[in-house]
Amino acid sequence: METTHSFDHYAVMGYPISHSRSPGIHHLFAEQSKQHIVYSAILVEPGDFSNAVAAFQSQGGKGLNVTIPYKEEAWSLVNQRSARAEKAGAVNTIMLRQDGSLYGDNTDGIGLVNDLTKNQSFSLKNKKILILGAGGAVKGILQPILIENPAQIVIANRTPDKALTLAKQYAEIDDTCPVIGMGFDEIPKQLFDIVINGTSSSLTGHIPDIKAELVNNAFCYDMMYGKEATTFMQWCMKHNASNVSDGLGMLIEQAAAAFYVWRNVQPDTRPVITRIRSTI
Ligand code: ATR
């Protein structure tokens, strides 16, 4: 006898949204773990985010991912937040609870940490970390990186004040790991174990204006991804990086962490990374 299942509905909301890989990734997780879900991409016009969430909720939706430009608005909208979302000031995962309340989490940072530690066997413990950029993408990753007990975090940004302000918010969290902010031309000439590009410069084919010696012998990670190595990755390879990676693994790991929040099931990300990589 054939069994019928009801499908729980999830979605990603953003503007634009047609490029989103989240539906494909979550359907692969669901297929692999035999979860019955439907996951759609919803284009939300500017000014319409809270209405769109309410409409999704009234249709019985169970969970949402939130992408650019609504992560900060999602943070304000939810009734309760995880500690990592609280600190990031942005929410990328919402659980729509049965009592009508909204729980907000941010899985971007744990996505990066899991990609580094699990997929790339790169531990952040006692490491000297240079982070480029001080926008929304970087805000989301700092707390989960600090939990890994690095030795030092330098945040450098084209607009130095933004890096200084961001670093100050984290400077006193863990007194064993200094967090300092500065402009690109003030970055100390020292060896960094890892350089993380959290700027959006690769989107326009640019690279952050830093000295080439800073990537010498460092693991260079670009949070962007594409079919080819990003411009930042290519530049780092040319300047003797020990290893380079794009951010596709981070994208899939943040999705896996969201899937876990909603379904309490941990997807096996490796085959999904391979599959999605073959389609970009
Ligand atoms: P996101 O949410 O992707 O982080 P954002 O909040 O607009 O987007 O931040 C973009 C980041 O990329 C900023 O740190 C920005 O630097 P500024 O604060 O000086 O604007 C950085 N960025 C964008 N293009 C860049 C470029 N060509 N070179 C260096 N940094 C760049």
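The values are calculated or read from the model by the stated rules, or taken from the named source; none is laboratory data. On a predicted model such as this, the values are computed, not experimentally measured, just so you know. Quick reminder, even Gly has a Cβ in these numbers, built from the backbone with ideal geometry, and neighbours come from all protein chains shown.
Worth pointing out:
Per-residue answers, yes or no, for (1) over 23 Å from Gln98 (Cα atoms); (2) assigned by TED's automatic domain parsing to the domain that holds Gly226; (3) polar (S, T, N, Q):
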{"site": "Tyr15", "(1), (2), (3)": "yes, no, no"}
{"site": "His19", "(1), (2), (3)": "yes, no, no"}
{"site": "Gly24", "(1), (2), (3)": "yes, no, no"}
{"site": "Ala30", "(1), (2), (3)": "no, no, no"}
{"site": "His36", "(1), (2), (3)": "no, no, no"}
{"site": "Ile42", "(1), (2), (3)": "no, no, no"}
{"site": "Gly47", "(1), (2), (3)": "yes, no, no"}
{"site": "Lys62", "(1), (2), (3)": "no, no, no"}
{"site": "Thr67", "(1), (2), (3)": "yes, no, yes"}
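- Glu186, sole failed condition from (1) surrounded by 15 or more Cβ atoms within 10 Å (Cβ to Cβ); (2) touching a Pro at 6+ places or on another chain (Cβ under 8 Å); (3) of a type outside the set (S, T, N, Q): (1)
- Qualifying residue in region 261-278 (condition: within 15 Å of the ligand (Cβ to nearest atom) and over 17 Å from the mean Cα position of the chain (by Cα)): no
- Scanning region 189-211 for residues that are loosely packed, with under 13 Cβ neighbours inside 10 Å and either away from the ligand (no atom under 15 Å from the Cβ) or not in a loop (DSSP other than H, G, I, E, B) (or both) yields Lys189, Gln190, Leu191, Leu203, Thr204.
- Failed item, numbered, when Val215 is tested on (1) farther than 27 Å from His239 by Cβ; (2) buried (at least 23 other Cβ atoms within 10 Å of the Cβ): (1)
- Enumeration of residues in region 163-172 that are more than 9 Å from the ligand (Cβ to nearest atom), small (Gly, Ala, Ser) and modelled with pLDDT of 95 or more: Ala167
- Looking only at region 139-162, residues that are near the ligand (Cβ under 8 Å from one of its atoms) and at pLDDT below 95 come to 1 in all.
- Exclusive hit being within 18 Å of the chain's Cα centre (by Cα), modelled with pLDDT of 95 or more and surrounded by 13 or more Cβ atoms within 10 Å (Cβ to Cβ), set Ile25, Ile37: Ile25
- Remark: Phe7 matches the filter, which requires a residue to be touching a strand residue (DSSP E or B) at 6+ places or on another chain (Cβ under 6 Å) and either of a type outside the set (Lys, Arg) or modelled with pLDDT of 95 or more (or both).
- Each residue in region 28-40 was checked for being within 23 Å of Ser58 (Cα to Cα) and either in contact with an Asp or Glu (Cβ under 7 Å, 6 or more places away or on another chain) or without any contact (Cβ under 8 Å) to a residue 60 or more places away in the chain (or both), and 5 of them qualify.
- Index of the failed condition, Thr165 passing every other in (1) closer than 20 Å to Ala88 by Cβ; (2) outside any helix (DSSP H, G or I): (2)
- Residue count, region 118-136 (criterion: farther than 28 Å from Pro267 by Cβ, more than 16 Å from the ligand (Cβ to nearest atom) and in contact with a Leu (Cβ under 8 Å, 6 or more places away or on another chain)): 1
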